[in-house]
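J.: Below is the structure I would like to discuss, written out as structure tokens.
The values are calculated or read from the model by the stated rules, or taken from the named source; none is laboratory data. The structure displayed is predicted, hence computed values, not measured ones. Cβ placement follows ideal geometry from the backbone for every residue including glycine, while neighbour counts extend to all protein chains displayed.
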Amino acid sequence: MEDVPKLPDEHLEKAKEMISRHRTKKNCKRCYDRGYQGINQLNMVITCHRCVDEDKVTQEWQAYVRDTPALSEIYGDYFESAEEATDEEKPEPTPEAIRRVAAANRGRDHKGAQRHRSVGR
Ligand SMILES: [Zn+2]
């Protein structure tokens, strides 16, 4: 796994500011009107997709990273490759892989149902 350094706090504040500028709703229970739901392991803000225009924030953030030498040095490549990435790195699933996963899930469901029956007794 690649080691991505944490985002320095000063830039974290900047990210929050950007998010608050791109909120699309005033009242949001999901994020308590903060526009973000938390901070991830990399000290990056997890935007609230209910009330924030994520595309615009991402665009602005990437521009900010590019314009900030200290950040583009750290995250330039990261954004190129990790766009749309979730916590885990998953390769693009091939149709064959999907079929295999589906088969595996069927097996698991079957066992799960059995276990459930005995537990609920
Ligand atoms: Zn929200």
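J.: Among the residues of segment 2-11, which ones are exposed (fewer than 13 other Cβ atoms within 10 Å of the Cβ) and either among the hydrophobic types (A, V, I, L, M, F, W, C) or within 13 Å of residue 44 (Cα to Cα) (or both)? I'd like the intermediate steps shown before the answer.
T.: First pass over segment 2-11, keeping only residues exposed (fewer than 13 other Cβ atoms within 10 Å of the Cβ): 2-3, 5, 9-10.
Hits for segment 2-11 are 5, 9, 10.
J.: Could you check segment 12-43 and list, in sequence order, the residues that are surrounded by fewer than 18 Cβ atoms within 10 Å (Cβ to Cβ) and either of a type in the set (A, V, I, L, M) or not assigned by TED's automatic domain parsing to the domain that holds residue 71 (or both)?
T.: 12, 39, 42
J.: Being within 16 Å of the ligand (Cβ to nearest atom) and touching a residue at least 40 places away in the same chain (Cβ under 8 Å) is the filter here; which residues of segment 1-46 pass it?
T.: 15, 18 - these are the residues of segment 1-46 that are within 16 Å of the ligand (Cβ to nearest atom) and touching a residue at least 40 places away in the same chain (Cβ under 8 Å).
J.: While we're on this one: Residues to consider are 17, 13, 54; find the one that is touching a strand residue (DSSP E or B) at 6+ places or on another chain (Cβ under 6 Å), under 23 Å from residue 74 (Cβ atoms) and among the acidic types (Asp, Glu). Walk me through how you get there before you give the answer.
T.: Numbers: 17 fails: touching a strand residue (DSSP E or B) at 6+ places or on another chain (Cβ under 6 Å); 13 fails: touching a strand residue (DSSP E or B) at 6+ places or on another chain (Cβ under 6 Å).
Going through 17, 13, 54 in turn, the sole match is 54.
J.: Still on this structure, I have one more. For segment 47-77, enumerate the residues that are of a type in the set (Gly, Ala, Ser) and within 16 Å of the ligand (Cβ to nearest atom). Break it down into steps so the answer makes sense when it comes.
T.: To start, the set of residues in segment 47-77 that are of a type in the set (Gly, Ala, Ser) comprises 63, 70, 72, 76.
If the condition is that a residue be of a type in the set (Gly, Ala, Ser) and within 16 Å of the ligand (Cβ to nearest atom), then no residue fits.
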